[in-house]
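The values are calculated or read from the model by the stated rules, or taken from the named source; none is laboratory data. Please read these numbers as outputs of a predicted model, since none were measured by experiment. Here Cβ is always computed from backbone atoms with ideal geometry, including for glycine, and neighbour counts include all displayed protein chains.
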Amino acid sequence: MMVDKARETALKILYDINDKGAYSNISLNKYLNDQELRDIDRSFITDIVYGTMNRRLTVDYFIEKYSSIKIKKLSPWILNILRMGIYQLLFTDRIPVSAACNESVRLAKKYGHMASSKYVNAVLRNIARNKDNLQYPDKDSDLLTYLSVKYSHPQWMVEEWLKRFGEEFTEELLKANNSIPLFTVRVNTLKISKDSLAEILEKDGFEIENGKYLEEALIIKNPVSVQKMEAFKKGYFQVQDESSMLVAKVLDPKPGETVLDVCSAPGGKSTHIAQLMNNKGTVISRDIHEHKIKLIDEAKKRLGLDIIKTEVFDAVTLDDGLIEKADRVLVDAPCTGLGIIRRKPDIKWSRNSGDKKEITELQERILSTASKYVKKGGVLVYSTCTVEPEENEETVERFIKNNGDFYLEDITPLVPKTLKKESLIKGYLQLYPNIDGVDGFFISRMVRRS
């Protein structure tokens, strides 16, 4: 029996992620390189994989409700087939019920046996019949379980956010994390003007909008595989969310300076820094992994930036030869990533409540080491893609307390007026997907006393 190639590919990717511990973006890219796939298939596979990953807790809740077999007794293949099928039934409006059920049954026959396919058919048909009357946990009597199941986030995460943000903000944040993020690109102004790029993209059939906050940002409403876009190959743009672009803006590098980016892969911020420096000066881009350094090398070559010097280097280790040599240093620190869940939904399932302690210790070590490279009067920017205060303002405040020669500087002049926040005067900015419509990011700027 023939199975649908796109659904089978999505199944293999989900198996890789859920049962082999693969990263979603890496596994997805590996399978999407299949030349036999059409663009429409790639788009469908991406939606099924990210959607099923994102809604996993909700989907598993309904499997437990409508299945005669406990989840832990199901084979990984059958469980992932069920998850995909239920995601299509409950969270997509353009896939007919018959297609979602029939294709899942075909996959179950191939990856299980006749009994498996009958079981999958029974569960999916039962859910399809009841899809307009599905019962979630009661919101009034058990808010935590309701929010966790309804928006598919682990309870520990929801509980922490309820304590910190309250019910209304938390629910909005959970909703935003389940939304599809905008596909935003940064115009490479060294090669092309924003208007010219917009014109080229529109001629190629893309719908374009200006970014929300930054002059060099464009939003592509109907993106395809970026590697196939002629304008991308020519280095006219870099894919980057506006929250990430704001990091280089707050760093505010000048032509001719020496800038060090200590955790720079995959290179979005380093290439933006070089662009803002008008490709004059030196940007030292470091990462601990050699394969990630290759990504920066590819990006700088494509974008035509020759001031970036890449190096494999551990950010925790002190480089004696660079002490007080950098005008500006960027620490885009490793973090829990809880600000980018809408881009990488597997973060919800790979993190746990104990991760922050280990991560904050690493952040503090990196920040302490990196600060030694800053010249007197120089700038140190610390950023993360998380919304957790322990990793953000608390880490920065501890650093300032232990390093009296650094102080936080007002960043109001460096941030777009449309992003007015009270914290700017204190030297930092926290962005949230539900409030600001961009990735959850933290950016702070410190100066070394002369």
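Report, by residue number, each residue of region 144-186 that is of a type in the set (Asp, Glu) and either in contact (Cβ under 8 Å) with a residue 40 or more places away in the chain or closer than 21 Å to Arg343 by Cβ (or both).
Narrowing region 144-186 to residues of a type in the set (Asp, Glu): 159-160, 167-168, 171-172.
Within region 144-186, Glu160, Glu171, Glu172 qualify.
Identify all residues within region 92-134 that are among the hydroxyl-bearing types (Ser, Thr, Tyr) and either in a helix (DSSP H, G or I) or modelled with pLDDT of 95 or more (or both); write none if there are none. Explain how you work it out, then say what you get.
Of all residues in region 92-134, those among the hydroxyl-bearing types (Ser, Thr, Tyr) come to 92, 98, 104, 111, 116-117, 119.
Of everything in region 92-134, those that are among the hydroxyl-bearing types (Ser, Thr, Tyr) and either in a helix (DSSP H, G or I) or modelled with pLDDT of 95 or more (or both) turn out to be Ser98, Ser104, Tyr111, Ser116, Ser117, Tyr119.
Could you list, in sequence order, all residues of region 324-339 that are surrounded by fewer than 23 Cβ atoms within 10 Å (Cβ to Cβ) and either free of Cβ contacts under 8 Å to residues at least 24 places away in the same chain or over 13 Å from Ser383 (Cα atoms) (or both)?
Hits for region 324-339 are Glu324, Lys325, Asp327.
Checking the structure you have, find out if any residue of region 285-307 is part of a strand (DSSP E or B) and either touching a Pro at 6+ places or on another chain (Cβ under 8 Å) or of a type outside the set (D, E, K, R) (or both). Write out each step before concluding.
Taking region 285-307 first, the residues part of a strand (DSSP E or B) are 285-287.
From the residues that got through so far, the ones that are either touching a Pro at 6+ places or on another chain (Cβ under 8 Å) or of a type outside the set (D, E, K, R) (or both) too are 285.
Scanning region 285-307 turns up at least one residue that is part of a strand (DSSP E or B) and either touching a Pro at 6+ places or on another chain (Cβ under 8 Å) or of a type outside the set (D, E, K, R) (or both).
If I filter region 192-209 down to residues being surrounded by fewer than 17 Cβ atoms within 10 Å (Cβ to Cβ) and within 21 Å of Ser244 (Cα to Cα), which single residue comes out as farthest from the chain's Cα centre (by Cα)?
This residue is Ser193.
Step by step: first the residues of region 210-243, then only those that are among the hydroxyl-bearing types (Ser, Thr, Tyr) and within 23 Å of Leu32 (Cβ to Cβ), then the one that is surrounded by the fewest Cβ atoms within 10 Å (Cβ to Cβ). Which residue is that? Reasoning before the result, please.
Residues of region 210-243 that are among the hydroxyl-bearing types (Ser, Thr, Tyr), as a first pass: 213, 225, 236, 243.
Filter again for within 23 Å of Leu32 (Cβ to Cβ), leaving 225, 236.
On the way: Ser225: 15, Tyr236: 23.
Ranking the candidates gives Ser225 first.
If you scan region 156-174, which residues turn out to be surrounded by 15 or more Cβ atoms within 10 Å (Cβ to Cβ) and either over 22 Å from the mean Cα position of the chain (by Cα) or under 28 Å from Tyr66 (Cα atoms) (or both)?
Let us first name the residues in region 156-174 that are surrounded by 15 or more Cβ atoms within 10 Å (Cβ to Cβ), namely 157-162, 165, 169-174.
The answer is Met157, Val158, Glu159, Leu162, Glu171, Leu174.
So Ile48 ticks every box in (1) within 18 Å of Ile127 (Cβ to Cβ); (2) touching a Pro at 6+ places or on another chain (Cβ under 9 Å) but one. Which box is left unticked?
Going through the list (1) within 18 Å of Ile127 (Cβ to Cβ); (2) touching a Pro at 6+ places or on another chain (Cβ under 9 Å), Ile48 breaks only (2).
Restricting to helices (runs of 4 or more DSSP H) lying wholly in region 8-82: which have 2 or more residues that are farther than 23 Å from Asn222 by Cα? So that I can check it myself, show each step before the final result.
Details: elements: 24-32, 39-54, 56-66.
Filter on region 8-82 gives 56-66.
For region 327-379, how many residues are of a type in the set (Ser, Thr, Tyr) and closer than 19 Å to Arg56 by Cβ?
The initial filter retains those residues of region 327-379 that are of a type in the set (Ser, Thr, Tyr), namely 336, 350, 353, 360, 368-369, 371, 373.
Going one step further and asking which of them are closer than 19 Å to Arg56 by Cβ, we end up with 336, 350, 353.
Number satisfying all stated conditions: 3.
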